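Notes follow once the structure below has been shown.
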Amino acid sequence: MHWWQTGIIYQIYPRSFQDSNADGVGDLNGIIGRLDYLKSLNIDAIWISPIFPSPMHDFGYDVADYCDIHPLFGTLADFDRLLAEAHARGLRVILDLVPNHTSDEHAWFVESRSSRDNPKRDYYLWRDPAPGDGPPETRPPNNWQTHFGGDAWTYDAHTGQFYMHQFHRSQPELNYRHSEVLPAMLDNMRFWLDRGVDGFRVDVIWLMLKDEQFRDEPPNPHAALDARPFDRIQHIYTAGVEGIHGIIRQMRAVLDEYDERMMVGEIYLPVEQLVTYYGDGDECHMPFNFQLIQLPWDARAIGDYIRKYEGALPPGGWPNWVLGNHDQHRIATRVGQAQARVAQMLLLTLRGTPTCYYGDEIGMEDVPIPFEQCMDPAALQQPDLFEVWGRDPERTPMQWDASPNAGFTAAGVTPWLPLAADYVARNVAGQESDSTSLLNLYRSLAALRRAEPALNRGAYEEVDFGVADVFAYRRTQPESNGFLILLNFGSQTHEIDLAAYNVTGEIALSTHPDRAGRNVTRAYLLAPYEGVVIRLRRG
Ligand code: NOJ
């Protein structure tokens, strides 16, 4: 087994984790100062969202230089120190690779837009205006749309053509049909791998190739009447385009030049398509599985999906699970605080690598941010829908303690995004000293997972007790009696008839901590919103 299979990945959004120089934005030295905390969570790897030079129109997902560190975050020397300090604590470091697009301030794009015959012109996707009347800037080459709202084309008056972008207009997309682009990106990967990073989370990896003929995307017959223009078309010429797997295989081959490095791909696709990104064990080590974010929070729906996902995995394909990230509303906001405990128990006891989002271990919630204070381009471009699509609420500063600015930055400094109103009551320091806190439950779950092969590598077996709100499964491993996990998604108490299933055991962990250690024999009264991990006994 590899570290990225048995381990837990923890995502750090670096702007919001820990500020060390009182500018209101988190940085690398801040992360270094919190490594002991990270270690105490019993996680195995940190994934750090982009830290490279960037004009920050999309908060670092607009990279101006792939081989350096943004001064806001520190220097390359700081990064090397972070890597060494993390490794010294047994923590791996995963960086965010953003190969689909660069910033419009990247040297390649500056050259590309300078003239039509510049050697870098075709590093990007330039097209003439569509034929027709009216000023050229009103005639985009086709109907492609951006994820942030609006046409996927921006007119550049200097050379009289449009360039393509599926996100912000400052994020022009690279042309992976140009023979020099992929080799250049692979060299960017080697730059970090040579420094010792343990892997990459690859941004929108399934979008990297576009239709060679730039055809219009067809209407989406399933779109709601009030759907955004982006959702009214089917993305068959901008996503999962033929040839993409060959590109991913070449990226994977670079990782395989090194020992024990990994690549997890950001891919939002239905399961049948998602699993094709494992290739024959020669593409992504893991394509992210976002279904715990996308499914309704319902025991049956989740159980059904797990069955489908487990059944769809290719031979050797290792599963993974994600509860939240910097693009999605916080789990505690989506399901409430009581279910957030159940959710962590689910994440940390399923078969497959868990990825946790910073702050979820203390139940941080979305912070409502009025439109006037929005920073996120996805919100600014869709003012009518900013509450749905805006991503600032889940990106607010980490709540470390009850001091002014929650220990995130110095008192008196204005953090780049506002702190949660509840930070005095909900913070790391407060939860450390409360044995019943989510933080301590999280640590115990992660420790149990690490200690028990049945949990970190064992098989998954669905168990049906016939109660709609209760999701149950067993994790087994030869030489061990395994664990039975019972999760109550509802507000009713349920008597679980363990005798029928012929098991007895002891509660190793419960979301209701006073129940831990109890013997479980014939029946168990599962409290509302309770989750338990039962260590099974033989016979
Ligand atoms: C996905 C990233 O997670 C998101 O934050 C970003 O805006 C887009 N890709 C564009 O890079």
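The values are calculated or read from the model by the stated rules, or taken from the named source; none is laboratory data. Not measured: the values here are computed from a predicted model. Glycine gets a Cβ as well: all are built from the backbone with ideal geometry, and neighbour counts include every protein chain shown.
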**Study point:** Qualifying position, being touching a residue at least 40 places away in the same chain (Cβ under 8 Å) and charged (D, E, K, R), among Asp198, Asp194, Asp231
**Key:** Asp198
Check your understanding: Is it the case that Asp27 is buried (at least 23 other Cβ atoms within 10 Å of the Cβ), within 24 Å of Thr414 (Cβ to Cβ) and within 16 Å of the ligand (Cβ to nearest atom)?
Key -> no
Check your understanding: Which condition number in (1) out of contact with any Asp or Glu (no Cβ under 6 Å at 6 or more places or on another chain); (2) away from the ligand (no atom under 16 Å from the Cβ) is the one that Tyr155 fails?
Key -> (1)
**Study point:** Matching strands (runs of 3 or more DSSP E) fully within segment 391-497 where at least 3 residues are surrounded by fewer than 21 Cβ atoms within 10 Å (Cβ to Cβ) and modelled with pLDDT of 95 or more
**Key:** 459-463, 470-477
Exercise for review: For residues that are part of a strand (DSSP E or B) and away from the ligand (no atom under 12 Å from the Cβ), scanning just segment 158-173, find the one that is farthest from His235 (Cα to Cα).
Suggested key: Gln161
Check your understanding: What number goes with the only condition from (1) of a type in the set (A, V, I, L, M, F, W, C); (2) surrounded by fewer than 20 Cβ atoms within 10 Å (Cβ to Cβ); (3) within 17 Å of His147 (Cα to Cα) that Ala378 does not pass?
Key -> (2)
Exercise for review: Could you tell me whether any residue of segment 308-319 is closer than 26 Å to Asp96 by Cα and within 16 Å of the ligand (Cβ to nearest atom)?
Suggested key: no
Point to revise | Candidate set: segment 333-377, residues that are free of Cβ contacts under 8 Å to residues at least 24 places away in the same chain and touching a helix residue (DSSP H, G or I) at 6+ places or on another chain (Cβ under 8 Å); chosen: the one farthest from Gln5 (Cα to Cα) | key: Phe371
Review point. How many residues, within segment 505-539, are surrounded by fewer than 20 Cβ atoms within 10 Å (Cβ to Cβ) and in contact with a His (Cβ under 7 Å, 6 or more places away or on another chain)?
Key: 1
Point to revise | 1 or more residues within 15 Å of Leu438 (Cβ to Cβ): qualifying helices (runs of 4 or more DSSP H) within segment 263-382 | key: 331-335, 337-349
Check your understanding: Which number in (1) closer than 22 Å to Gly60 by Cβ; (2) among the aliphatic types (A, V, I, L, M); (3) in contact (Cβ under 8 Å) with a residue 24 or more places away in the chain marks the one condition that Leu380 misses?
Key -> (3)
Check your understanding: In this structure, does Ala508 turn out to be in contact with a helix residue (DSSP H, G or I) (Cβ under 8 Å, 6 or more places away or on another chain) and either among the acidic types (Asp, Glu) or at pLDDT 95 or above (or both)?
Key -> yes
**Study point:** In segment 181-207, residue farthest from the ligand (Cβ to nearest atom) [restricted to those that are crowded, with 16+ Cβ neighbours inside 10 Å and of a type in the set (Phe, Trp, Tyr)]
**Key:** Trp192
Exercise for review: Answer with yes or no whether His147 is part of a loop (DSSP other than H, G, I, E, B), at pLDDT 95 or above, closer than 20 Å to Ser49 by Cα and in contact with a Pro (Cβ under 6 Å, 6 or more places away or on another chain).
Suggested key: no
